[in-house]
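Undergrad: Handing you a structure now.
The values are calculated or read from the model by the stated rules, or taken from the named source; none is laboratory data. Given the structure is predicted, the values throughout are model-derived calculations rather than measurements. Ideal geometry is used to build each Cβ from the backbone, glycine not excepted, and the neighbour counts take in all protein chains shown.
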Amino acid sequence: MLSRLALVSASALKSSGPLGAGLVQASRSIGTSPQSLAPVPPLPEKGGQVRHGIIPEELFQFLYPKTGVTGPYMLGTGLLLYLLSKEIYVINHETFAAASIGIVIVYGIKKFGPSVAAFADKLNEEKVSKAQEVKDLAVKSLTEAIEEEKKEQWRAEGRQMLFDAKRNNVVMLLETNHRERLHMVTNEVKKRLDYQIDVQNLHRRLQQEHMVDWVEKNVIKSITPQQEKESIAKCITDLKKLAQTAKATA
Amino acid sequence: MADKPVPLAEKRLMDVKLGELMSWISTKDLSPNGIIAAVRRGHDRYYNKYINVKKGGIGGIAMLLTSYVVLSYIWEYDHIKHDRWRKYH
């Protein structure tokens, strides 16, 4: 689990030097080489197996067919005895220092290993969840954008109906205008015809009155002065007679 | 066993026969750039196998520290030789 901390710190490392840059680059070689894969493959769950912390499992697998399970341990024991007996590994003060340091390190790892591992896992988990949040947010906003787009397309279809309604409006306006003009025309025509009728009536009336006047004039002209005197004398005698009868009755 | 013969320069180290070892080494790029590239490749392999995983263990850096200790012992051996307990082994 210390390598988990190493991973957490390595990805935040900004040290100089080709190895330091390589450390950061190794996890970010997307799109830089011609053989990049577009979605980055996920990290492997577990790393290479290591037995007792320092010996890779491959050695045990390599020796298993020939020597079985105890092969590498026998190899280790024999190697150790050879190094000690030939004093290729010399026992001096450093041996005791190394032994005490080794004991402390092993004790520390055994006791605090799991908790440190859990802590590093939590850090990784937070990073991953943050990235996942960003991705989810982006996906959500994009799906919402898709919905909006579809709604806009539906609205655009609705505009066809709007255009139809407006067209109907315009047609109605035209027709109203047309009918108004028809009415106007009929009214004007009627007025002119009425005028003609009135003119004819007027003519007839004038003719009638003129004729009557002419007849009257001629009649009056035909009454001679002698006839006028006779008629006036007759009227006077009639009046006298009436006065007498009226005086007799009263 | 019916693979077509692979040219020498592309064989992996484990497939190289002992007699061809020297010629195999001579086909490798030993210029400074080549050596740096080889070091980077090796580093990437180690990193991606032991450190760049979701649940790594102590082995990733423990192996590095152990190899550092061993290498420094080897480099200091000429000095440590003088602390030997017996002269003849």
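Undergrad: Looking at region A:138-157, can you tell me whether even one residue there is away from chain B (no Cβ under 14 Å), of a type outside the set (S, T, N, Q) and within 28 Å of B:Gly56 (Cα to Cα)? Explain how you work it out, then say what you get.
TA: Narrowing region A:138-157 to residues away from chain B (no Cβ under 14 Å): A:138-157.
From what is left, the residues that are of a type outside the set (S, T, N, Q) are A:138-140, A:142, A:144-152, A:154-157.
Still in the running and within 28 Å of B:Gly56 (Cα to Cα): none.
No, region A:138-157 contains no residue that is away from chain B (no Cβ under 14 Å), of a type outside the set (S, T, N, Q) and within 28 Å of B:Gly56 (Cα to Cα).
Undergrad: Taking the condition of a type in the set (Gly, Ala, Ser) and closer than 25 Å to B:His79 by Cα, does A:Gly108 pass?
TA: no
Undergrad: Let me ask you something else. Name the single residue that is nearest to B:Leu13 (Cα to Cα) among those in region B:36-89 being of a type in the set (Ser, Thr, Tyr) and surrounded by 13 or more Cβ atoms within 10 Å (Cβ to Cβ).
TA: Across region B:36-89, the extreme among qualifying residues is B:Tyr46.
Undergrad: Within region B:16-89, which helices (runs of 4 or more DSSP H) (wholly inside it) include 1 or more residues that are facing chain A (nearest Cβ under 10 Å), within 18 Å of the chain's Cα centre (by Cα) and of a type in the set (Val, Ile, Thr)?
TA: Hits in region B:16-89: B:32-46, B:59-75.
Undergrad: Please enumerate the residues belonging to region A:70-97 that are touching a helix residue (DSSP H, G or I) at 6+ places or on another chain (Cβ under 8 Å) and among the aliphatic types (A, V, I, L, M).
TA: Selection gives A:Met74, A:Leu75, A:Ile88, A:Val90, A:Ile91.
Undergrad: Let me ask you something else. Looking only at region A:63-71, decide whether some residue is more than 13 Å from chain B (Cβ to nearest Cβ), polar (S, T, N, Q) and under 22 Å from B:Leu64 (Cα atoms). Give the derivation first.
TA: Restricting attention to region A:63-71, the residues satisfying the condition of being more than 13 Å from chain B (Cβ to nearest Cβ) are A:63-71.
If we keep only those that are polar (S, T, N, Q) too, we end up with A:67, A:70.
Right, trim to under 22 Å from B:Leu64 (Cα atoms) and you get none.
No, there is no match, as no residue in region A:63-71 is more than 13 Å from chain B (Cβ to nearest Cβ), polar (S, T, N, Q) and under 22 Å from B:Leu64 (Cα atoms).
Undergrad: Can you tell me how many residues within region A:235-250 are β-branched (Val, Ile, Thr) and at pLDDT below 90?
TA: Here the count works out to 1.
Undergrad: Can I ask one more? For A:Ile88, which of the numbered conditions (1) part of a loop (DSSP other than H, G, I, E, B); (2) within 13 Å of another protein chain (Cβ to nearest Cβ); (3) at pLDDT below 90 fails to hold?
TA: (3)
Undergrad: For region A:95-105, indicate whether the set of residues that are farther than 30 Å from B:Lys87 by Cβ, touching a residue at least 40 places away in the same chain (Cβ under 8 Å), at the interface with chain B (Cβ under 10 Å from one of its Cβ atoms) and surrounded by 12 or more Cβ atoms within 10 Å (Cβ to Cβ) is non-empty.
TA: Checked region A:95-105: no residue is farther than 30 Å from B:Lys87 by Cβ, touching a residue at least 40 places away in the same chain (Cβ under 8 Å), at the interface with chain B (Cβ under 10 Å from one of its Cβ atoms) and surrounded by 12 or more Cβ atoms within 10 Å (Cβ to Cβ).
Undergrad: Looking at (1) touching a helix residue (DSSP H, G or I) at 6+ places or on another chain (Cβ under 6 Å); (2) modelled with pLDDT of 90 or more; (3) within 11 Å of chain B (Cβ to nearest Cβ), can you tell me which one A:Ile54 breaks?
TA: It is condition (2) that A:Ile54 fails.
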